[in-house]
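Visitor: Mind having a look at this structure? Questions to follow.
Where a number appears in this text, it was derived from the coordinates with a stated rule and is not lab data. As the structure is a computational prediction, the values presented were derived from the model and not from experiment. No Cβ is skipped: glycine too gets one built from the backbone with ideal geometry, and neighbour counts run over all protein chains shown.
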Amino acid sequence: MKTETRVRELKYRMMITDLLKVASETHTYQQLSDLLDLSPPILSRYMRDHVLPSYKRAQGLYDKLMVITDIKEELKKRISFDDEGYFDNTPLVSEITWLKIMSNYALEKFAGRRVTKVLTAAVDGIPVSTLVSNLLDVDLVVAKDQKEVGISDFIEETYIPKGSAIRKSLYVPRRAIRKRDSVLIIDDVVRTGETVQGLVDLVSNQRADIAGIYVLVTVGDEWKTYLKECISKYSFETLIEL
């Protein structure tokens with residue numbers, strides 16, 4: 001248990017470097033030195049990955065950097081919509097600095113909760129879910145819309161998307177989620193909330209616990225009505241709302 005705690009503290013300390021990279025995009029070196037109350041030599045060592053702050057100092061720097069960087073607003077600036085209302089989610093699925101920041105945000109928000117599995121739906125939720133699984137040192141489960149060859153027994157959850165006459169299904173290998181599990185559900189983008197609800201039902205039907213729900217981006221307000229029960233029942237964290 002002590003080893004697990006040390007590993008998580010180390011990952012938390014490493015997160016400071018990623019936040020410093022984001023902060024350096026909008027602040028000069030001297031500004032950061034003044035705002036963080038760090039001497040230039042120490043700041044230089046942190047930014048160059050030559051040394052990590054202690055866990056105690058990292059906690060203090062994290063709070064300051066979250067204010068300085070305002071990661072939610074910075075991420076919003078990177079999301080561009082087209083004429084049909086769809087947006088480019090490249091920062092959510094491919095930019096490693098932002099993926100690490102978003103995964104560490106989950107670690108911070110769900111700290112202290114028992115998590116044995118991370119569950120997401122294919123495909124765009126996989127990158128950040130993989131990093132969260134790594135931070136928590138737990139297995140990743142990916143729900144897919146088709147049964148894979150070679151697996152004989154599945155957990156299946158079927159739902160009908162709003163305004164559609166087609167049934168959609170989510171599948172995971174049956175042994176992937178057990179009754180004793182406590183599952184953190186992650187989704188990249190939520191508009192209606194149907195996928196999240198499908199994942200919640202999939203876990204609940206296995207009589208496993210839900211540790212929480214983490215959504216990177218929500219669009220509009222429709223999802224709030226559809227997921228009203230989930231929001232009130234579980235720990236529900238949204239990074240940014242559009």
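Visitor: Among the candidates ASP70, ASP88, ASP37, ASP82, which residue alone is exposed (fewer than 14 other Cβ atoms within 10 Å of the Cβ), on the phi > 0 side of the Ramachandran plot and among the charged types (D, E, K, R)?
Guide: Numbers: ASP70 fails: exposed (fewer than 14 other Cβ atoms within 10 Å of the Cβ); ASP88 fails: on the phi > 0 side of the Ramachandran plot; ASP82 fails: on the phi > 0 side of the Ramachandran plot.
Matching residue, one of ASP70, ASP88, ASP37, ASP82: ASP37.
Visitor: Please give the helices (runs of 4 or more DSSP H) falling wholly within region 44-141 in which 1 or more residues are acidic (Asp, Glu). Write out each step before concluding.
Guide: Numbers: elements: 55-69, 71-77, 90-93, 96-109, 126-136.
In region 44-141, 55-69, 71-77, 96-109 are the helices (runs of 4 or more DSSP H) which contain 1 or more residues that are acidic (Asp, Glu).
Visitor: Here's another thing I want to ask about it. Please enumerate the residues belonging to region 153-175 that are in contact (Cβ under 8 Å) with a residue 24 or more places away in the chain, touching a Phe, Trp or Tyr at 6+ places or on another chain (Cβ under 9 Å) and not in a strand (DSSP E or B).
Guide: LYS162
Visitor: Since VAL203 meets every condition but one in (1) touching a residue at least 40 places away in the same chain (Cβ under 8 Å); (2) touching an Asp or Glu at 6+ places or on another chain (Cβ under 6 Å); (3) part of a helix (DSSP H, G or I), which condition does it not meet?
Guide: (2)
Visitor: Just to verify a result, which residue in region 179-217, among those that are surrounded by fewer than 22 Cβ atoms within 10 Å (Cβ to Cβ) and of a type in the set (Ser, Thr, Tyr), is nearest to ILE166 (Cα to Cα)?
Guide: THR192
Visitor: Another question about this same structure. Have a look at ARG13, ARG48 and point out the one that is within 22 Å of LEU99 (Cβ to Cβ) and loosely packed, with under 11 Cβ neighbours inside 10 Å. Working first, answer last.
Guide: On the way: ARG13 fails: loosely packed, with under 11 Cβ neighbours inside 10 Å.
Testing whether each residue is within 22 Å of LEU99 (Cβ to Cβ) and loosely packed, with under 11 Cβ neighbours inside 10 Å leaves just ARG48.
Visitor: Go through region 1-37 and count every residue that is farther than 23 Å from LEU107 by Cβ, free of Cβ contacts under 8 Å to residues at least 40 places away in the same chain, not in a helix (DSSP H, G or I) and not polar (S, T, N, Q).
Guide: The total comes to 1.
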